[in-house]
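One structure is given below, encoded as structure tokens.
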Amino acid sequence: MRLIAVYIFILLGINVYSQTKPQKEKVSKSRNQIIIKKGEVKHTNFGIGIGLARSVIFLSRNIKDFNDASGLNLNMIYGGNNLVRFGFDYNQYNSLNIEPTWYNVRAKTYEANLQFLARFNGNKALIYPIVGFSVNQFKGFFTGKDDFQDLREKYKINSEVNSFWVGMNFGLGYEHKLGPFKLTLSYKMRLGFQDVDGHLNIIDVCYSAGLRYDIKALTPKYIYRSIFRSKTKNRYLLDV
């Protein structure tokens, strides 16, 4: 009888162990799923670039032909694994004169855009439509002479004027891989409201070219999952 009892006890123990072991593996597997799912991308691209920009600055005010301003372009991108990534640009232009109305004009532009990526040539090149918005600064000395826009009603004659306008960006970009760098080219038009009648129109046209260097960065989803796991790890252990 004792041998039969021992035999039954061993069988019960094996049965209980076989039922509890897969359950632990399932819990362990569920913890891993909090961090990253099968096939999920852990890294994306983060790039910083520098280049040259050329712009008409403020088309309704800059009425002179061949009077575009040149300057410095700093840009940054984030993303690129999927069809859309984020782009940020800062442009600072050299001073110019729009005689006889404006002198010593300095302009800056701050941009935030979405770039829709189309890959070709073995993923060494990209072409991407650009959509976004910009904040544009126009600063200069206003003389009031030949003021066909009647800006004297808005600004004091012979005074320093600092004005801002918000634009909507539409354009096209291109990049090509050159060793560790990317050659970048872009063309953008900015829609805004004119000084004269307040109608929506093309206020600025901008070109830029430069080089960018990319590094790997964590995706927002992976960062979120890592933070979520660190906060819930103890809770899952208690549930086990």
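Bear in mind these aren't lab numbers, they're just calculated from the coordinates by the rules spelled out. What you are looking at is a predicted structure, and each value in this text was computed from that prediction instead of being measured. Methodologically, a virtual Cβ is constructed for each residue, glycine included, from the backbone with ideal geometry; neighbour enumeration extends over all protein chains shown.
Taking the Cβ-Cβ separation of Leu52 and Tyr110 as r and a Förster radius of 25 Å, what is the calculated FRET efficiency to the nearest 0.05?
0.90
With N denoting the number of residues in the range 152-211, provide Rg(C-alpha) divided by 2.2 N^0.38 Å, to two decimal places.
Output field value: 1.66.
Residues with beta-carbon under 15 Å from that of Lys156, excluding Lys156: net charge, scoring Lys, Arg +1 and Asp, Glu -1?
0
Just going by the charge dipole of the range 92-240, with Lys and Arg at +1 and Asp and Glu at -1 on Cβ, which of Leu200, Asn97, Tyr222 is farthest out on the positive end?
Tyr222
When a/c is below 1.5 the answer is rounded, else prolate if a/b is larger than b/c, else oblate, so apply that to the range 57-205 with a ≥ b ≥ c taken from the square roots of the Cα gyration tensor eigenvalues.
Note, shape of the range 57-205 comes out prolate.
Where the centre of each part is set by its Cα atoms, how far does the range 138-201 sit from the range 54-98, in angstrom?
9 Å
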